[in-house]
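Below you'll find the structure, written out as structure tokens, and then a few comments.
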Amino acid sequence: LAGSPRNYELAQYMANQFQDFAFDMVELKNYSVRLPYPDKEKPNAVKLFDSSGEVQHTCRNIEVPLNEFEKNNPTTPLFNAHSKSGSVKAPYVYANFAEIDDFKFLKENNITVKDKVGLTLKYISYLFS
């Protein structure tokens with residue numbers, strides 16, 4: 001997670017690797033950036049409602065571990081790292097991986113994404129290699 005002690009450890013590790021590879025100059029710079037962080041006491045929630053307002057599905061806020069490393073190391077709760085917290089209520093549309101072909105498919109089938117929340121899959125390249 002950006003700005004975390006572990007993030008700094010990894011930056012130091014990479015700087016040492018570059019020095020070991022004989023780079024002419026290696027330096028770490030600190031930047032002050034305002035970043036939101038997940039609140040473990042009040043985690044983000046994504047809920048899908050039906051037309052009568054009943055909750056049909058609540059998304060989990062922790063990823064399922066995919067390997068032994070993830071099983072044995074703490075994970076960060078899911079959160080939207082690039083916007084402030086808030087509530088959004090709108091119709092939603094499933095957009096697969098949100099790639100160009102996915103939006104072409106929606107358009108060809110007269111499905112609009114305007115004024116809707118897009119639900120997409122997270123592409124993890126190593127799962128498909």
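The values are calculated or read from the model by the stated rules, or taken from the named source; none is laboratory data. What you see is a predicted model, and the numbers here were worked out from it, not measured in a lab. Note that we place each Cβ from the backbone using ideal geometry, even for glycine, and neighbour counts take in every protein chain shown. Accessible surface areas use protein heavy atoms only, side chains included; no ligands, DNA or RNA. Shrake-Rupley method; radii C 1.70, N 1.55, O 1.52, S 1.80 Å.
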Margin query: Going by amide H atoms built from the backbone, whose H comes under 5 Å of the H on L119, apart from near neighbours?
Written below: V93, Y94, A95
Check: Along the charge dipole of the chain, which of T75, P91, V33 sits closest to the positive end, that is, farthest toward it, with unit charges on the beta carbon of Lys, Arg, Asp and Glu (+1, +1, -1, -1)?
Finding: P91
Check: Which net charge results when you count Lys and Arg as +1 and Asp and Glu as -1 among the other residues whose beta-carbon is under 13 Å from that of A90?
Finding: +3
Item checked: Efficiency of FRET from Cβ geometry, Y8 and A98, R₀ 35 Å, rounded to 0.05 -> 0.65
Next item on the list: Over 31 Å between C-alpha atoms is what I'm after, so list which of K29/K116; K71/K116; K71/K114; K71/K107; K40/K89 land there.
Entry: K29/K116; K71/K116; K71/K114; K71/K107
Note to self: In whole percent, and with a 1.4 Å probe on the protein chains, what portion of the accessible area of the chain is carbon and sulfur?
What the structure shows: 54
Margin query: For log10 I(q)/I(0) by the Debye sum over Cα atoms at q = 0.11, 0.12, 0.14, 0.21 Å⁻¹, one of [x] -0.74, -0.79, -0.88, -1.13; [y] -0.81, -0.87, -0.93, -1.05; [z] -0.65, -0.75, -0.95, -1.37 was computed from the structure I shared and the rest are decoys. Which label?
Written below: [z]
Notebook entry, point to check: For the stretch 68-100, list residues with backbone N below 15 Å from a point placed 7 Å from the Cα of F49 toward its Cβ?
Noted result: 87-92
